[in-house]
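The values are calculated or read from the model by the stated rules, or taken from the named source; none is laboratory data. Small disclaimer: the values here were computed from a predicted structure and weren't measured. All Cβ positions, even for glycine, are placed from backbone atoms using ideal geometry, and neighbour counts span all protein chains on display. Ligands, DNA and RNA are excluded from the accessible area calculation, which covers all protein heavy atoms including side chains. Shrake-Rupley method; radii C 1.70, N 1.55, O 1.52, S 1.80 Å.
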Amino acid sequence: MLLKKIRKPLFSLLILSSFAIGASSTYAYKIWYSGGYRPYPVSGSPIVVHPYSTFDTESITAMNNGAAQWNSAGAGTLLNIGSTTTNTSYPNDNDLNQVTKGARGTDQYLMQTHVTSSGYEWVGAWYVNAIYEADIDVNISHPWSNAVSGNSNYYDVGNSFTHELGHLLGLDHSGVSGATMWSGSSPGTIYKRDIAQDDIDGIKDLY
């Protein structure tokens, strides 16, 4: 099944520290990091994500479109796709949020977000676990496309990347099948390019 290909929990601590907020019937989003990404993005200073230099123009456009989706949620300007890098190491704790790519095997994830730096912060009444740096990796062992209407034989870059940006911001998988943060993907699927109300509710809860 492809439901586990997008992101596998990497540390038991992450699993233990994540908690579900979806007890209400009106939403089913879940929080991965209760403190989101710290320091919180402020106006004019969003989280910057740096793609590897060999991504083609269409893929960079898809990444920008994914960032724009989260920025449109009503929680402020959260993300910006910045300058490219030449780093090929994943994950890489180097004070940069990077997007890498490599042939990881067809039995592995499609894309994956790895938190390279995190910690606990006191917020006045309790501690929250926060992301300080995270990298996203694209597994090019799988076939990828940027076709406007999708391609039934390829996975869609924008579809999966928008999902991974949700993880970088601190969201876990949603229980709503139409949400961007719903786990898993199939060739030709493109609906996750556009965030759903459940995604909006989740990100506004964090930020």
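Solvent-accessible surface of segment 42-139, taken per residue with a 1.4 Å probe and all protein chains present: 45 Å². Farthest toward the positive end of the dipole of the chain, out of 37, 174, 123, is the Cα of 174, where the dipole comes from beta carbon charges about the Cα centre. When peptides 128-136, 84-92 are sorted by average Cβ neighbour count within 10 Å, with the highest value leading, the order is 128-136, 84-92. Of the solvent-accessible surface of segment 49-92, computed with a 1.4 Å probe and all protein chains present, 44% belongs to carbon and sulfur. The peptide list 141-147, 55-61, put in order of mean Cβ contacts within 10 Å with the highest first, becomes 141-147, 55-61. Protein heavy-atom accessible surface, 1.4 Å probe, per residue over segment 149-207: 33 Å². Answer with a single label: of (1) 31; (2) 43; (3) 27, which was calculated as percent of Cα pairs over 26 Å apart from the structure in view? Answer by label: (3). Relative to the dominant Cα principal axis of the chain, helix 157-169 is inclined by about 20°. Once the Cα atoms are used to define both axes, helix 57-71 deviates from the longest principal axis of the chain by about 20 degrees.
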